[in-house]
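Participant: This is the structure, below, for whatever I ask next.
The values are calculated or read from the model by the stated rules, or taken from the named source; none is laboratory data. Note that the structure is a prediction, hence the values are computed from the model and not measured. Here the Cβ positions follow ideal geometry from the backbone for every residue, glycine too, while neighbour counts run over all protein chains shown.
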Amino acid sequence: MGWNGRCGPAHRGCPGISTYRASETPAKLGGVRIDVFSIFPESVDSYLDTSLMGKARLRGLLDLRVHDVREYATDTHRSVDGTPFGGGAGMVMSPEPVFACIEAVQPRRPLFVLSPAGRPFTQDVADELAATDGFSLLCGRYEGFDQRIVDHVADGELSIGDYVLAGGELAACVVVEAVGRLVPGVLGNDASTDDESFRHGLLEYPQYTRPATFRGWEVPDVLRSGDHAKIGRWRQAAALDRTIRARPDLIVLRGGLSSAEEHLLAEHGYPLPAPENAPAQDLP
Ligand code: JCQ
């Protein structure tokens, strides 16, 4: 993809590189605007210029603008970090270039910091964000941000999981891709996100394609039967079985198995969950 939505003062007026001022927001094409702030803008831009997100950007469905925080550093070394007050290892991202960059861009709100300390980013959060006309993400490097960034320029924090990355860039790409694919028109016409993993609090059922026999392993007969009601019941049972095995926590979250679901599992030859994992039973 040749298009580059990266913006900053150093790029203003450069031929071939598209730049924006906040007041020059292109007409909304049913698209979502996402501003990403980073000191490694190329890493975010290059990943999100590829594949489905790259196409969505070219088609104007996703108005993704990646901003280089370092362009707003004012000292001769263009520094964006400092040693922590109170001592300790590592560096902390400085408030000045971050505030300057965000204030110059006037990004869509809410603006989230990517951080292990944030609200867990789930499919429900992706759905919420996809229904807005935009939001923004701030990526940190080093050991974290000066707390005044979190307290006074961000609106909240998002976490993509309980582990620590070297920076927020990869987490920002995760959020943009999970939200971007939900924007109307981004997926193909007949693609639907209705029955994918997490939509009903369950993992997705197993899928198969040709050949019907591969190295002696067969596709379940029911999927070749043409009986769509039967296929639907098998898929529901298989999704339940997969979730019970891999993610019993999701079964507990949705309040355990109903007796209809227990019947469905038994009918398809799947075992019931072990009693110690079994959710509380309904009263007789
Ligand atoms: C995001 N899950 C993990 C790393 C400190 C702002 O403070 C920090 C941010 C990062 C980058 O984000 C993550 C992350 N979700 O590591 C350290």
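Participant: Please go through segment 56-71 and give me each residue that is in contact (Cβ under 8 Å) with a residue 60 or more places away in the chain and either among the basic types (Lys, Arg) or out of contact with any Lys or Arg (no Cβ under 6 Å at 6 or more places or on another chain) (or both), ordered by number.
Facilitator: Across segment 56-71, the qualifying residues are Ala56, Arg59, Leu61, Leu62, Arg65, His67, Asp68, Glu71.
Participant: Here's another thing I want to ask about it. Cβ-Cβ under 8 Å, sequence separation 6+ or interchain: first residue in segment 194-207 and at positive phi, partner hydroxyl-bearing (Ser, Thr, Tyr) and part of a loop (DSSP other than H, G, I, E, B). Which pairs?
Facilitator: Going by the 8 Å Cβ cut-off, the qualifying pairs are Phe198/Thr122.
Participant: Follow-up. Can you tell me how many residues in segment 224-252 are touching a helix residue (DSSP H, G or I) at 6+ places or on another chain (Cβ under 7 Å), more than 14 Å from Gly269 (Cα to Cα) and charged (D, E, K, R)?
Facilitator: Here the count works out to 1.
Participant: Here's something else I'd like to know. Does Gly156 satisfy the condition of being more than 10 Å from the ligand (Cβ to nearest atom), under 30 Å from His200 (Cβ atoms) and touching a residue at least 60 places away in the same chain (Cβ under 8 Å)?
Facilitator: no
Participant: Can you tell me how many residues in segment 117-153 are within 13 Å of the ligand (Cβ to nearest atom), assigned to a helix (DSSP H, G or I) and of a type in the set (D, E, K, R)?
Facilitator: Number satisfying all stated conditions: 2.
Participant: Condition first: of a type outside the set (A, V, I, L, M) and closer than 20 Å to Tyr270 by Cα. Now tell me which residues in segment 206-223 satisfy that.
Facilitator: Result: Pro206, Gln207, Tyr208, Trp217, Glu218, Pro220, Asp221.
Participant: For segment 209-266, how many residues meet the condition of being small (Gly, Ala, Ser) and assigned to a loop (DSSP other than H, G, I, E, B)?
Facilitator: Counting residues in segment 209-266 that are small (Gly, Ala, Ser) and assigned to a loop (DSSP other than H, G, I, E, B) gives 7.
Participant: Moving on. Which members of segment 159-189 meet the condition of being touching a Phe, Trp or Tyr at 6+ places or on another chain (Cβ under 6 Å) and either more than 10 Å from the ligand (Cβ to nearest atom) or not assigned by TED's automatic domain parsing to the domain that holds Leu114 (or both)?
Facilitator: Correct list: Cys173 only.
Participant: Restricting to segment 50-102, count the residues that are among the aromatic types (Phe, Trp, Tyr) and under 17 Å from Ser136 (Cα atoms).
Facilitator: Residues meeting the conditions: 1.
Participant: On to the next question. Taking segment 189-227 on its own, how many of its residues are loosely packed, with under 12 Cβ neighbours inside 10 Å and under 30 Å from Ala56 (Cβ atoms)?
Facilitator: 8
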